[in-house]
Amino acid sequence: MPTNEINLGESVTGKIIVVFFGMTASGKSTLGKAWADFCRATYYNTDRVRKELAGLQAVEKRPDGVGQGIYTAAFTEKTYEAMLDLARQDFSRDVKMVVLDGSYSRRADRDRVRSMTAGMGVRCVFIFCTCSEKEVQRRLELRARDPEAVSDGRWEIYLHQKQTFERPDTRIEDDCLWLNTEQAIAATLQWLAAQPCLQG
């Protein structure tokens, strides 16, 4: 646990889902897990949930092509629904904060989270994670050499996402924050903790 962790997950008023999303290698998983630890919140990652649904080990590599294998639109929708089911179970046990981590590349995917939270009286905040293309390349090179890496994201996936990702327009999706993940994690966590939408 980080030494500067707080129990924000218990101190917020009401219940809240925080969704860290973005393109591959955007830093969403690193930051999402760090935020969950910082707040002592529960955390779910689409890569892990997807592979569990497929009967795979988390670190088992699946270099499927875009939209193929366990990355078809149908299996992605199944994964997102499983994430929401996990969140529902947590909120039924009176958990205050749940952190979700995944691409959520379509507004429809994000709206599905909004519909669930509205029906349960749960607040929802989206954190759109971004970084430079040079940083994406650096992170993907490190990932390719890491035997413990869970994500199957690769350069060709990133290039596809550049063309298809539905970036949030905060004039419409006003529950979204844009965040550059190239900053130091400790400073980023403090910045997030200071945002009114993430407080009570």
For the stretch 69-91, what are the residues that are farther than 20 Å from G22 by Cα and either of a type in the set (D, E, K, R) or surrounded by fewer than 18 Cβ atoms within 10 Å (Cβ to Cβ) (or both)?
G69, D85, L86, R88, Q89, D90
Which fully enclosed helices (runs of 4 or more DSSP H) of the stretch 8-89 have 2 or more residues being within 22 Å of E156 (Cβ to Cβ) and within 17 Å of the chain's Cα centre (by Cα)?
28-39, 46-53
Can you tell which of G32, G67, G14, G27 is at pLDDT 95 or above and at positive phi?
G27
Residues being assigned to a helix (DSSP H, G or I), touching a residue at least 12 places away in the same chain (Cβ under 8 Å) and not basic (K, R): count how many of those fall in the stretch 90-123.
7
When the stretch 124-159 is checked residue by residue, the ones that are assigned to a loop (DSSP other than H, G, I, E, B), surrounded by fewer than 18 Cβ atoms within 10 Å (Cβ to Cβ), acidic (D, E) and touching a residue at least 40 places away in the same chain (Cβ under 8 Å) are E148
Out of D94, D146, I need the residue that is out of contact with any Leu (no Cβ under 9 Å at 6 or more places or on another chain), at pLDDT below 95 and under 19 Å from C39 (Cβ atoms). Which one?
D94
Would you say E60 is surrounded by fewer than 17 Cβ atoms within 10 Å (Cβ to Cβ), without any contact (Cβ under 8 Å) to a residue 24 or more places away in the chain and in contact with a helix residue (DSSP H, G or I) (Cβ under 7 Å, 6 or more places away or on another chain)?
yes
Name every residue in the stretch 90-115 that is more than 15 Å from the chain's Cα centre (by Cα) and farther than 20 Å from A73 by Cα, in order of residue number.
D90, F91, S92, R93, D94, V95, K96
Considering each of D169, D174, D152 in turn, give the residue that is within 27 Å of R62 (Cα to Cα), among the acidic types (D, E) and out of contact with any strand residue (DSSP E or B) (no Cβ under 6 Å at 6 or more places or on another chain).
D152
Determine whether Q163 is modelled with pLDDT of 95 or more and either over 18 Å from the mean Cα position of the chain (by Cα) or among the small types (G, A, S) (or both).
yes
In the stretch 160-198, how many are over 20 Å from V113 (Cβ atoms) and either among the acidic types (D, E) or not in a helix (DSSP H, G or I) (or both)?
6
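The values are calculated or read from the model by the stated rules, or taken from the named source; none is laboratory data. Because the structure is a prediction, the values reported are computed rather than measured. Methodologically, a virtual Cβ is constructed for each residue, glycine included, from the backbone with ideal geometry; neighbour enumeration extends over all protein chains shown.
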